[in-house]
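Let me begin by presenting the structure, written as structure tokens, before commenting on it.
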Amino acid sequence: MDILKELSLIGIVPVIKIDDAKDAAPLAKALVDGGLPCAEVTFRTAAAKDAIAIIAKEYPDMIVGAGTVLTKAQVDDAIEAGAKFIVSPGFNPEIVKYCQQKGCPIVPGINNPSGIEAALELGLKTVKFFPAEQSGGIEMIKAMSAPYGGVTFMPTGGVNPKNVNDYLAFPKIICCGGSWMVKPDMIAAGDFEGITKLVREAVDTMLALKFRHVGINPCGATSEGTAKVLGDYFSFGSKVTSKSIFVSPELEIMNDKGPGTHGHIAIETNNVDRAVYHLERRGVKFDYSTATYDDKGAMKFIYLADEINGFAYHLVK
């Protein structure tokens, strides 16, 4: 899979500063266990190259990249260590060209239209928006990106649990870089269990999984009859669809037996493709024959492969 495509499914790229290479392996494990199998290791410390090398060797399935890359020597060090992508805080055309010559994907930093045009001139389609919050945040990206239809962004700088979904909701943003789940003091203290917890919370925040509605299969009564009884009893209204009647936004009465012994439960998420990626990492299996897609190829609906307590479950955007 393309590196940037997989980063878009992961959604959040932990930006980490490692002072001691011995912390690299347990930190990588914490990221993987928490649900973010990627990292941007910044070249802000002398331990960066060794840390990348350790992660690349011990966790080869992780997407480990090098950040704060400023020189050709750092590019060489990053690639030699096993970095799968490179990120720079600004746009240096010589560094971009050097990475391209080396065949290593680079995401350079920009925060203005001139930077976008410089990136386009060198054939890039994805740029880092940095520092994101200080440069105007999501509203700046929306305004600035309007003339550039094919450009996508990886905002970094000031991204946190409160605003990450504001960024990710915009389709031109493939992922966000963030450091709130990999705090340097926690790394220094060896609190990798705490980091795992923060990473899991970051994934849950990003996916925003929540109950949407329950659909009940018919059981000795028609959907119209059931809807009438519920309306008479509880003053529930009704919304008729081709397959069912909703007597409230949370309760659907099916016309015919659908998936699930008793019915189905719908779980809402911000991004179905991203949710499937992360839930499969948690051991969830999906029935891809049930998936539906929008006109841009993004998944908008899919059932889990297995029932849970007599109910089928599906994700919906």
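The values are calculated or read from the model by the stated rules, or taken from the named source; none is laboratory data. Because the structure is predicted, anything quoted here is derived from the model rather than measured. Backbone-built Cβ (ideal geometry, glycine too); neighbour counts: all protein chains shown.
Some points to look at:
- Residue ID - surrounded by the fewest Cβ atoms within 10 Å (Cβ to Cβ), chosen from residues in region 77-92 that are within 16 Å of T126 (Cβ to Cβ) and not basic (K, R): G90
- Taking the criterion of being surrounded by fewer than 16 Cβ atoms within 10 Å (Cβ to Cβ), within 21 Å of the chain's Cα centre (by Cα) and among the small types (G, A, S), the residues of region 280-317 that qualify are G283, G297, A298.
- Check on I187, in a helix (DSSP H, G or I), in contact with an Asp or Glu (Cβ under 9 Å, 6 or more places away or on another chain), modelled with pLDDT of 95 or more and surrounded by 17 or more Cβ atoms within 10 Å (Cβ to Cβ): yes
- A Cβ distance below 6 Å, combined with a sequence gap of six or more or placement on separate chains, defines the contacts here; from region 76-90, residues that are in the same structural domain as T42 (by TED's automatic domain parsing) and modelled with pLDDT of 95 or more reach residues that are among the basic types (K, R) and in a strand (DSSP E or B) in the pairs V87/K128.
- Filtered residue count, region 125-141, keeping only those that are buried (at least 20 other Cβ atoms within 10 Å of the Cβ) and either at pLDDT below 95 or within 17 Å of I86 (Cα to Cα) (or both): 5
- Residue in region 144-164 that is surrounded by fewer than 16 Cβ atoms within 10 Å (Cβ to Cβ), in a helix (DSSP H, G or I), at negative phi and not hydrophobic (A, V, I, L, M, F, W, C) present: no
- Top-ranked residue in region 38-76 [being acidic (D, E) and within 21 Å of T196 (Cα to Cα); ranked as surrounded by the most Cβ atoms within 10 Å (Cβ to Cβ)]: E40
- Only one entry in P105, P131 is closer than 17 Å to G178 by Cα and not aromatic (F, W, Y), namely P131.
- Candidates K228, K210, K239 - the one that is touching a residue at least 12 places away in the same chain (Cβ under 8 Å) and on the phi < 0 side of the Ramachandran plot: K210
- Selection within region 206-220 - among the polar types (S, T, N, Q) and surrounded by fewer than 16 Cβ atoms within 10 Å (Cβ to Cβ): none
- Complete set of residues in region 257-296 that are modelled with pLDDT of 95 or more, part of a loop (DSSP other than H, G, I, E, B) and small (G, A, S): G260, G283
- Reported count of residues in region 6-26, each being in contact (Cβ under 8 Å) with a residue 24 or more places away in the chain, part of a helix (DSSP H, G or I) and over 21 Å from G157 (Cβ atoms), is 7.
- Of all residues making up region 230-253, the number that are over 15 Å from R212 (Cβ atoms) and surrounded by fewer than 15 Cβ atoms within 10 Å (Cβ to Cβ): 9
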